[in-house]
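A short worksheet on the structure shown next.
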Amino acid sequence: MKKVYLLALAVSICLILTIFIVVRMYFIPKGITIDKTKYPITGIDISRHSGIIDWDKIISQHISFVYIKATEGEDYLDPNYVNNVTEALKTNLKVGEYHFFRFNKPGKPQALNFLFHTKDFTGKLTPALDIEEWGNMPVTKSGAEIRTEIAGFLNTVEKVSGCKMIIYTNINTYNKYIRGQFLDNPIWICSFNKDRILPDNRDWLFWQHAHNGKLSGIKGFVDLNTFNGDEAKWKKYID
């Protein structure tokens, strides 16, 4: 009986994940085109799904920064992380690293996993925490519990990095867990609304506006991001 229950549970989880993947691929907007005269600084974020990257081609396409997935949960290391960060740091791109947050896991052990693998933030962009419900279903903790674990992660990393982490999220997750919270942490928002990027008009640092970007040097699609400012503001920020 127990084996039947576990099999049914596994099938249910696989079905839920399949539905989410299908929805994400075919029903969620793939992206929008933004005014690059207003937002001239473009960046990408990558993980193992981006495959092996030709960095010489990337830097020839007006890309200014890249965020690289390092870790996920308490013990996962992206298999392409070491190669990605090693090769990216050889270019003139500004490089940052991010962790995918697991809602049902405690925050501090996740932070220690991130810190163990990233080790040194010198000369890099501020580290980012990816917080989104997609990939986290089913959620078993309350909103208050999740926010407590997020705070535990942020506090642990910030003691080492010496700066407030960037929070990456989408609109739905922002409204549920981030809105009105973590006010000292810069926001990197995934949004396809051109008129009002954040629902409460909170300031944002980075804006992910497309999942379907195409660049020479990366097979398949890549996420496109923009910095909230012009060339002068970007130079001031990275300096």
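A single entry from 141, 124, 159 fulfils the requirement of being out of contact with any Lys or Arg (no Cβ under 6 Å at 6 or more places or on another chain) and at pLDDT below 95: 141. Look at segment 72-87: where a residue is among the polar types (S, T, N, Q) and a partner is in a strand (DSSP E or B), sitting 6+ places away or on another chain with Cβ atoms under 6 Å, you get 84/68. The set of residues in segment 220-239 being at pLDDT below 95 and either over 20 Å from residue 128 (Cβ atoms) or surrounded by 20 or more Cβ atoms within 10 Å (Cβ to Cβ) (or both) consists of 220 alone. Residue count for segment 48-80 under the criterion of being surrounded by fewer than 20 Cβ atoms within 10 Å (Cβ to Cβ) and either at positive phi or of a type in the set (Ser, Thr, Tyr) (or both): the result is 6.
From 178, 171, 197, grab the single residue that is β-branched (Val, Ile, Thr), under 23 Å from residue 127 (Cβ atoms) and without any contact (Cβ under 8 Å) to a residue 12 or more places away in the chain. I'd like the intermediate steps shown before the answer.
Values: 178 fails: without any contact (Cβ under 8 Å) to a residue 12 or more places away in the chain; 171 fails: without any contact (Cβ under 8 Å) to a residue 12 or more places away in the chain.
Just a single option satisfies the conditions, and that option is 197.
One line per residue, one yes/no per condition, for (1) part of a loop (DSSP other than H, G, I, E, B); (2) at pLDDT below 90; (3) over 21 Å from residue 172 (Cα atoms); (4) among the small types (Gly, Ala, Ser):
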site	(1), (2), (3), (4)
12	no, yes, yes, yes
22	no, yes, no, no
37	yes, no, yes, no
67	no, no, yes, no
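Among the residues of this structure, residue 96 counts as one that is crowded, with 18+ Cβ neighbours inside 10 Å, closer than 22 Å to residue 205 by Cα and modelled with pLDDT of 95 or more.
The values are calculated or read from the model by the stated rules, or taken from the named source; none is laboratory data. Keep in mind that this is a model prediction, so the values were computed, not measured. Positions of Cβ are backbone-derived with ideal geometry, glycine not excepted, and every protein chain shown enters the neighbour counts.
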